[in-house]
Amino acid sequence: MAVKRLRERQAEATRRQLIDVARQLFAERGYAGTSIEDIVEQAGVARGALYHHFPGKGALFAAVYQIVQEEVASAVVTAALSSGDPAQAVYTGLSAFLDACLQPEFRQIVVLDSVPVLQRQAWEEGTTEPSEHSELDMLSQVLAPLAATYLPRLDMEALAHVALGGLYGAALYIATSPEPASARVEADVVLRTLIAGLRTGADVAASMPDRPTEPAPPRP
């Protein structure tokens, strides 16, 4: 039993080492620029050890992607929960996401490489979805108080999906810009404008009297 536990600990240590090394290399060189030989050499393990834990480079990338993605999603939710005002919470949370786009790991692994790599992996495995977006759960948590205050009639699932598209559009804008820091500032202006517009529009709508219901035209 003790020998089994030792082997399990050694196996888990090897798996963590592979993930840590791959995470660094994928961030620095991108998925295409990183080979299995690069990973096993820097990790100090045999090639067979990698295939013992992962079917290939794509599966190792998926493991790294999930960790990086979940770390940022957790940071976004934590930032949003630090504010009691719904609109400020959304701004604070989504600002943390846009800040992550300036980090080499998130920029390269999640924003730039994840879609082509994971879609190809899903196609090769015969699945319809490359991965589950933890960002959807993140956005649902961040947007729920805002929706309850300003958008009570909107479906949260639809709102989260639409917001995810906009969020990744902003992420790509920052990640592919020749001046990412400047692009981050420009994206921040858009984010502030959208939230302010939502808040103002809701206040105006709440102050307006209900429109009288027009009678239906007579049927011929």
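Starting from the Kirkwood radius over alpha-carbon pairs of region 17-108, derive D by Stokes-Einstein at 37 °C in a medium of 0.692 mPa s and give it in µm² s⁻¹.
It comes out at roughly 226 µm²/s.
Work out the charge dipole of region 8-74 with +1 on the Cβ of Lys and Arg and -1 on the Cβ of Asp and Glu about the Cα centre, then indicate which of 11, 67, 48 is farthest towards its positive end.
48
Compute the distribution of all C-alpha to C-alpha distances in region 69-194, in bins of 10 Å from 0, and list the percent of pairs in each, rounded to whole numbers.
Computed distribution, short to long bins: 13, 42, 33, 11, 1.
With a 1.4 Å probe and all protein chains kept in place, how much accessible area does residue 29 have, in Å² rounded to the nearest 10?
The value for residue 29 is about 110 Å².
Would you kindly give the portion of the calculated P(r) for region 37-91 that falls above 13 Å, as a percent of all Cα pairs?
Here the long-distance tail beyond 13 Å is 69 percent of all Cα pairs in region 37-91.
Just how much of residue 138 is accessible, in Å², when a 1.4 Å probe is used and the result is rounded to the nearest 10?
0 Å²
The values are calculated or read from the model by the stated rules, or taken from the named source; none is laboratory data. These numbers were taken from a predicted model, which means no experiment stands behind them. Backbone-built Cβ (ideal geometry, glycine too); neighbour counts: all protein chains shown. The area values use the complete protein model at the heavy-atom level, side chains included, leaving out ligands, DNA and RNA. Shrake-Rupley method; radii C 1.70, N 1.55, O 1.52, S 1.80 Å.
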